[in-house]
Each structure stands twice: as structure tokens, then as C-alpha cells.
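Step one of this worksheet: look at the structure below.
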Amino acid sequence: MPFITINGTKLFYQTYGKKRPTHTPVLLIHGSTQTGYSCWDKVAPLLAEDYFVIVPDCRGHGQSENPNMTYTFKEHAADMAGLIRALGFERAHIIGHSNGGNIVLVMLLEHPDVVQTCIPQAGNAWVSPDLLVKEPPLFNPDFIGLERPLWMEEMVMLHAPLGEGYWRKLVKMTVDEIIREPNYTPEDLAKVTRPTLVIQGETDRVNAENRHGQFIARHIPAAELWIPKGIGHNVHDEILTEWLERVTDFLARRGTEASEKLYRHRLAKHPDSREGIFDPRIDPDGVLTGLVLNPEMRDEVLGLVKPVENQLKILVTPETPWALINRPVEDLRRKPSILAERISQARLSEAARVIESSGDWSFIRMEHDGYSGWVHTASLHICSESDVKNYRAALNAIVSAALAEAWDGREATLVQKIPFAAEVNVTEVRGEDSLIQLPDGRRWKVCTADLTPLDARPKPTAEGIARTLDLIQRFMGIPYLWGGRTPYGYDCSGLAGTFYAFMGVNIPRDADQQFLAGEVVEKPEAGDLVFFGEPDEDGDVHISHVGISLGGDEFIHSTGAAWGTVVNTFDPNGRPYRAWLRENYRGARRFR
């Protein structure tokens, strides 16, 4: 069995997997009163499929000595830093659970030179008042002997090499430290430069109440935070498979200096994946993989790193097929399944790029807003770029009816209903009827009165806005539909985007994007967008809702609260009034 002397103390450790010259090892640090094996026995063999894994017993635990009968996070951190060096490694990916999470935080602050990446799980950077109250009674040896006999038996067994009754001393030393350390401030955490993933179970009874994980992630630059719902203190035991997926993905994305450079570039230049996927990765052997949207992003990547092998996938290239939406409305879904989440919708005649096709489903990127999702392949008319441009240049009318009935003229059959704001190509007007040509060449007959010529569409002037608002108010009572952009159902940003699209103004898809893109206005006028967002427990506000001002205090919006399109007012004495909207109003924006 391997032992090694570090800082005058003989430590026991186990290893899993094979050393690889270019690969950084993983160091797993156990929690309080545990050993390396008892804490990580399920995790270590699985991580060892891709990493050399080091699993020590901290001093005074298991088979590791404790000559000075001490327990401090700083002492443990110094031991672990010494262990990494003594085993011949410059750095390690350091993962710690519970008190082990505190130890890795100390390593991150006190020994950053040995840290490649850091994953503190169920740890705390400061001693919150609740810990001073609840930890001492729980770590009382007499209480444990009477109320937690299984825990006592486990400690007796795990720490038998350190002498009979040692567990009592260990419990006392442990609680003395956890009500005293660590005490890192936001200013301390802000100095961290190493990649960090913070893990904390949503129902962790030790850390969740005072948001310790959020505190750490909030103040460490570029830190990531994972809080799995319904999970307690021992995330790696409770959801092992998901834990492994999260951890190995983090290590793949940020586990080398080159990958971290790419990640930081993404945060600075491409933070919103809705505007274009930028997810390159370079492994320890210098192989570049991952996804980027276009050749321009590829060039950015190659300007930052010099891979040994380039397997980077570009989603949209000059060779990527073009398509036109060939149905009145088509759902964009998160996965290729009719049961998957609807994330947006495409309207007739809109252009897209076909990134991937798999039988009945195709993954597309909409040209007008950059949104990507899965659609039925049958909803697409695949064609050349020039065909798309020519067809769209021929669009000459827009649907101004709520839903324009479309008939197959040859069979006098009602075939579809085309939604408001869809643009169409009118090829012939026959009095009350107009013939439109679909992207695939089919012709449908619609009522001429249901269309407005594009050269007569309203502009975003006071007059045009008033006219368009009259049309939009016809949708009062239309059910709310997540991802909806048509009178079959709208979501809040879908209604706002459709309002502006009718006037020929293309705005971003989602409310938070619209908030950032629009011109700031202090006092909203008719047609301006009004935005709402609730602050989280840290005081950060995420824009989550948008409405359209009707002028004065009133605005129209599609809301899940009312499950439909409704009018509300900011006036507490008006009707209908909803306090949440007034209390969480975050400002107005204008598009022209």
C-alpha cells in the first residue's frame, strides 16, 4: 500500500488509472470524518477511464498519521499541494467534497500554482452564523454515540489504525475548525484565476440556506455554478451519472491552458449561444474539437491556439444548405421529437440554414434572428442561396388578417390558415382573391383583403404604430404559448417581435435580448416595449418578460400569469392592475 511523507506526516493514498505524460491528474479530497475510499469509491474508478486519479486520506484520517494531533484546512491544503509535487506533477484537477471542498478552496487561494482546475462541492468560503449554532451539537461525540450510532461505528472502523477512541478526538478537532475557518472575503475570491466549478445540492442542509455555493461562484471570476434540484449534500453519491457528466464536461472545456483561453474568449466575445454557438475545446494532446457557428469563428479559434490536430466542426459554411419555411407555421424544438420543448416558431417564407438532417427532423438556424432548433424536414423547401434570395426579393405582401384562409384553387379546398405578419409572394390578383406562390411552387388562393402590400405596410411612426396596435389588440384572449409567434398562441417576446415585424423592423427573439438591443427611453410612448424582471437572492435582475406600451399607463402583453394576451396598467387604481408588474418594471426600449 502506498504511503508518502509530506510535511513530516506519513500519508496514505491510492491511485487509479494510468499516468499520461500530457494529461493532468485528478486529486479527490474527502469530507470530514471520511477517508478517500469511503468518499470516492464510486467516482474514482469511473474517472480513471480518462484520468490518473489520486485519492489520499487526509492527515488524521484513515491510514494517514496525525503526529501533532491537529486539524486545519490550511494544514490539509499544504499537505495536498505537497502530495501533488511529491508525486511528480506540476498541477492537478482538484475536487473536494464538504470539508474537502473547503480544503480545495484554501488550495485555490493559498497554493494556486498546483491547481489546474478546482471543483469545491458542498463547501463554504466563510463561517456563516448558522454554522456556529448547528455544527457543535451535531459534532458532539456523546450525541453521536447516542443518536447516530451508525456514524460512530463507521468512524471507529475507518480510523481504527489511529487508535481506539481516536474518532472522538477527530470529531472535536473537526468542529473546532469548521466554526473557525475558512474566512475568505469577496475581495479574496476575486483574486482567483484558475477555472472553478462550484457544486451545491439544492436541498443541502449545511450550505443551501445561506447560499454558500452562490457566494463562492459569484465572486470567483468566470466561475461556474451547478445546483442540481432536489439533491442534498452528497451530490456525487445521489446522482453519480449526472455528476460525472458535469465534471468531465467541465474538465474537457476548461482543463487545459489552451481550452481556458478559448473559454475566456467566449465569455468576452460570444457570451450568448443564441447568437451563435462558440464551443471549441482543445485536449491535452493538442486535438481541437467542439463546435463553432461559422468560418469567422474558426479563424478566431486558430488565432488563439495552435492545435496539433484540427477536428473543429463548423456549423454554417458556404456549403451549408439553404431552405425556406414551406408551411404557415412550424415549431422549433429543442430536440428532434414532437414531445420536446418548443423554443420558437418559424413563419411561412422565412429563410434558414439546414445544419443537420436526420430523417423526419432537421436542425436549422433561422436567418432573421439566429435561433436554432429542430423542425420537421417536411416543413422545409431546400434550395440554393440564390433561390432563397430571389424568392424573398419577390415577397410583396404581408398577412394583416389574424389568420388568412388559404385555398387550393383547383380543388376549392381549404388547406391552411396563414398567420398574421407572414410575408407572401402574390403572383396574381383576381378582385377579391389573390394567388400566392409557396417556396415549393404550389399556389394557394387567399382573400385579397387579408393582405397588405409590403409597400403599404405601416412604418414605425406614430401613425403606423397606432395602426399596428389596433391590429395587435385583436389578439386579446389568445392563449399564451411558450415559444409562440402567431395567433395560434404567443409568448411575450413573440408578440413583441411580431408587432415590430409587421412594420418591417426585425428585433431579437427573446425579452432579455430585446432589452439590451433597444434604444433606452425614460417615459414609454405607444409602441415602445416595456420590460420586467424579478431580482434573485443576490439582487441580480434577469429580464424575463416584455409588453408593448399602449401609451400612458397601459400595455398589452402575452403572459402565463393570465394564460393569454391581456392589457394591464401601471396605475394601482386602474384595472386590470397587477402589483408584480409595477414592482418589477425595469425600463422601456424603442426600435425604429
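The values are calculated or read from the model by the stated rules, or taken from the named source; none is laboratory data. What you are looking at is a predicted structure, and each value in this text was computed from that prediction instead of being measured. Positions of Cβ are generated from backbone atoms using ideal geometry, with glycine treated the same way; all protein chains shown enter the neighbour counts.
Observations, loosely collected:
- Elements of the type strands (runs of 3 or more DSSP E) sitting completely within region 276-378 and holding at least 3 residues that are of a type outside the set (A, V, I, L, M) and under 26 Å from the mean Cα position of the chain (by Cα): these cover 278-282, 329-333, 342-347, 351-358, 361-366, 372-376.
- Selection over region 420-435 of residues that are modelled with pLDDT of 95 or more and outside any strand (DSSP E or B) gives a count of 4.
- Single residue of region 96-135 satisfying the filter (surrounded by fewer than 23 Cβ atoms within 10 Å (Cβ to Cβ) and β-branched (Val, Ile, Thr)) that is nearest to Met80 (Cα to Cα): Val114
- Any hit, region 251-263, residues being over 17 Å from the mean Cα position of the chain (by Cα), part of a loop (DSSP other than H, G, I, E, B), farther than 27 Å from Asp130 by Cβ and β-branched (Val, Ile, Thr): yes
- Trp563 vs. criteria modelled with pLDDT under 95 and under 27 Å from Ser400 (Cα atoms): yes
- Sub-8 Å Cβ pairs linking a first residue in region 360-375 that is surrounded by fewer than 19 Cβ atoms within 10 Å (Cβ to Cβ) to a second residue that is modelled with pLDDT of 95 or more and acidic (Asp, Glu), at least 6 apart or interchain, are Glu367/Glu350; His368/Glu350, ordered by first then second residue.
- Among the conditions (1) among the hydrophobic types (A, V, I, L, M, F, W, C); (2) under 30 Å from Ala252 (Cβ atoms); (3) surrounded by fewer than 20 Cβ atoms within 10 Å (Cβ to Cβ), the only one that Leu189 does not satisfy is (3).
- Positions within region 14-55 being assigned to a strand (DSSP E or B) and surrounded by 21 or more Cβ atoms within 10 Å (Cβ to Cβ), in sequence order: Val26, Leu27, Leu28, Ile29, Val53, Ile54, Val55
- Checked against the criteria, His61 counts as under 17 Å from Leu162 (Cβ atoms), in contact with a Leu (Cβ under 9 Å, 6 or more places away or on another chain) and crowded, with 24+ Cβ neighbours inside 10 Å.
- Selection within region 436-483 - assigned to a loop (DSSP other than H, G, I, E, B) and closer than 26 Å to Ala393 by Cα: Leu438, Pro439, Asp440, Gly441, Arg442, Arg457, Pro458, Lys459, Pro460, Thr461
- Counting only residues that are over 24 Å from His270 (Cβ atoms), assigned to a helix (DSSP H, G or I) and of a type in the set (A, V, I, L, M), region 501-543 holds 1 of them.
- Checking each residue in region 544-559 for being in a strand (DSSP E or B) and within 14 Å of Ala511 (Cβ to Cβ) picks out His545, Val546, Gly547, Ile548, Phe555, His557, Ser558, Thr559.
- Test for Val192: is it at pLDDT 95 or above, out of contact with any Phe, Trp or Tyr (no Cβ under 6 Å at 6 or more places or on another chain), of a type outside the set (Lys, Arg) and in a loop (DSSP other than H, G, I, E, B): yes
Here is a yes/no grid of residues against (1) touching a residue at least 12 places away in the same chain (Cβ under 8 Å); (2) of a type in the set (Asp, Glu); (3) touching a helix residue (DSSP H, G or I) at 6+ places or on another chain (Cβ under 6 Å):
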residue	(1), (2), (3)
Thr461	no, no, no
Leu481	yes, no, no
Gly497	yes, no, no
Phe502	yes, no, yes
Pro508	yes, no, yes
Ala517	yes, no, no
Val520	yes, no, no
Gly527	yes, no, yes
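- If you go through region 84-122 and keep only what is in a strand (DSSP E or B), touching a Leu at 6+ places or on another chain (Cβ under 7 Å) and not hydroxyl-bearing (Ser, Thr, Tyr), you end up with Ala92, His93, Ile94, Ile95, Val115, Cys118, Ile119, Pro120.
- Flag if Ala449 is surrounded by fewer than 14 Cβ atoms within 10 Å (Cβ to Cβ), more than 18 Å from Arg327 (Cβ to Cβ) and either in the same structural domain as Asn425 (by TED's automatic domain parsing) or β-branched (Val, Ile, Thr) (or both): yes
- Test: residue in region 519-541 that is modelled with pLDDT under 95, within 17 Å of Arg592 (Cα to Cα) and either acidic (Asp, Glu) or surrounded by 14 or more Cβ atoms within 10 Å (Cβ to Cβ) (or both): yes
- Within region 393-419, considering residues that are among the small types (Gly, Ala, Ser) and part of a loop (DSSP other than H, G, I, E, B), the one modelled with the lowest pLDDT: Gly409
- Whichever residue in region 562-592 is assigned to a strand (DSSP E or B) and among the aromatic types (Phe, Trp, Tyr) and, among such residues, is farthest from Gly547 (Cα to Cα): Tyr577
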